[in-house]
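The values are calculated or read from the model by the stated rules, or taken from the named source; none is laboratory data. Just so it is clear, the model here is predicted, and its values are computed rather than measured. Every residue, glycine as well, gets a Cβ built from its backbone with ideal geometry; the counts of neighbours run over all protein chains shown. Note: areas computed on protein heavy atoms with side chains; ligands, DNA, RNA excluded. Shrake-Rupley method; radii C 1.70, N 1.55, O 1.52, S 1.80 Å.
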Amino acid sequence: MKELTTVYSTYLQVVYDLADRRTRDWFLTGSPWTFLLLLGSYLYFVNSGPRFMKNRPVYNIDGIIGIYDIAQVIICSYLFIKGITFGWGTKLRLFCEPVDTSNSPLANEMALWVWMLYMTKMLDLLDTVFIVLRKKNNQLSFLHVFHHATMLFLLYYTTRWSPGGHCVLNGTINCFVHVVMYAYYFITNAFPEYKKNIWWKKHITEIQLVQFVLIIIHTLPTLIQEDCGYPAFGGGLIFLETSIILYLFSKFYVKIYWKKKEN
């Protein structure tokens, strides 16, 4: 009984006492059980969605997807510009910027920014919904599902426990990549004739690979510098997730572009 009490006390301390007091009760940032239910529902949809669509016709949702792509470009552009204005290299350190948990205007702006980025990762789950409804199951790869699920978890953790500091620059880089990516999706969806000829299709994957390398380099000091100031656990999660994604994207790039070129 005493052991159970200790476990429960530890759980309360980690989940509630150590959580950032500003963000721990924000929308979809509350109880971990609510988040796990959301994540579980997504993974359930990944498995059940294709079965549901098996004997049904493809949904014509090109118009909805076009609106979605434009919305992503606008939102990610805003977050990218806002992320730059925080002052990296001037007001903020490029490396090892601690999480400011005060109620200063800048600290609160950064916390809100992280939460907004978290909301975009929720929005990103519609990518999977569109794949299923259009019966493009070849795109429902392990890479796709793993990337969406782990990014969602990473942003949930960051928003609840460390909303600000060092990791915001990583998110800013990610927003720039998403602007380019969803602009490409919009163009090829609105003008299908460009899908095979648009020159930057291959380079989008290359930009993503560069992004992952930059994030790994930027995160490394949180793991090897003792007085870094940013939580090593959060840095470790970012480093691990990004390293796995870099490996999976590299395999995809080699398979799609190098091996096809050789053949």
Original post:
What is the pair-distance distribution P(r) of the chain, computed from all Cα-Cα distances in 5 Å bins starting at 0, with each bin given as a whole percent?
Top reply: 1, 5, 11, 15, 18, 17, 13, 9, 6, 3, 1, 1, 0, 0
**OP:** For the stretch 114-169, with all protein chains present and a 1.4 Å probe, just round the carbon and sulfur fraction of the accessible area to a whole percent.
**Re:** 69 percent
Subject >> Relative contact order [Cα under 8 Å, 6+ residues apart], the chain, whole percent >> reply: 26 percent
**OP:** For ASN47 and THR205, calculate 0.36 nm times their separation in residues minus their Cα-Cα distance, and state this gained length in nm to one decimal.
**Re:** 54.3 nm
**OP:** Pop out the carbon and sulfur fraction of the accessible area of the stretch 176-255 as a percent, whole number, probe 1.4 Å.
**Re:** 70 percent
Original post:
What accessible area per residue, rounded to a whole number of Å², is obtained for the chain using a probe radius of 1.4 Å?
Top reply: 56 Å²
Subject >> Shape call, the stretch 1-96: gyration tensor on alpha carbons, a/c limit 1.5 >> reply: oblate
**OP:** Count charges around PRO32 for me, please; just the other residues with Cβ under 15 Å from its Cβ, Lys/Arg as +1, Asp/Glu as -1.
**Re:** -1
Original post:
About its Cα centre, how strong a charge dipole does the stretch 108-263 have in debye, to the nearest 20, once Lys and Arg get +1 and Asp and Glu get -1 at the Cβ?
Top reply: 1000 debye
Original post:
With contacts defined as alpha carbon pairs under 8 Å and 6 or more residues apart, what's the relative contact order of the stretch 118-263 in percent?
Top reply: 24 percent
**OP:** Give me the percent of the accessible area of the stretch 1-49 that comes from carbon and sulfur atoms, probe 1.4 Å, all protein chains in place.
**Re:** 68 percent
Original post:
Along the three principal axes, how long is the stretch 61-130 when you take its alpha carbons, biggest first, rounded to the nearest angstrom?
Top reply: 44, 21, 19
